[in-house]
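The values are calculated or read from the model by the stated rules, or taken from the named source; none is laboratory data. Just so it is clear, the structure is predicted and the values come from calculations on it, not from any experiment. Note that each Cβ is placed from the backbone with ideal geometry, even for glycine, and that neighbours are counted across all protein chains shown.
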Amino acid sequence: MKKMDRILLRFSEENVEEPITAQVILELGIPIRIVTATIDSHGGDILVEVPAVHVEEIVKAFRDKGVVVTFPKLIDVDCDKCFDCGACYALCPVDAISFDEDYSVVFDEKTCIGSPCGLCVNACPARAIRLVEQHSRNQK
């Protein structure tokens, strides 16, 4: 399976009407997976996953078209600190947190949108959840 990185694309009111995402996909021929999108006529954000080997090329293409590109932080869970209270569960807007058969908390990192959200970080009474840079996580 290809290693994927997440990037956050921020569109302004000036460029939101342009089909920029489609243009980049067609021009580069590189698939881009949309994880989540919040966008309207005033601008917005699209969180995408792209093949890690093409990150620089994709980032440059979006920036050349006036899109602000950032690298969101991802969650990291310290399983030794987590005591499965579930305080994070009800707050997750993308259902990336669930309970296992033994009622332990399970985090689906592929579904989690990370730093655009981060609600679980503040909800955790044990401080077992934190946001980390993608690149430091990838070195693990």
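For this structure, a couple of remarks:
- If you filter segment 73-121 down to residues that are in a loop (DSSP other than H, G, I, E, B) and among the β-branched types (Val, Ile, Thr), you find that the one that is surrounded by the most Cβ atoms within 10 Å (Cβ to Cβ) is 113.
Conditions tested, residue by residue: (1) closer than 16 Å to residue 134 by Cβ; (2) modelled with pLDDT under 90; (3) in the same structural domain as residue 125 (by TED's automatic domain parsing).
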position	(1), (2), (3)
25	no, no, no
28	no, no, no
31	no, no, no
40	no, no, no
50	yes, no, no
59	yes, no, no
105	no, no, yes
109	yes, yes, yes
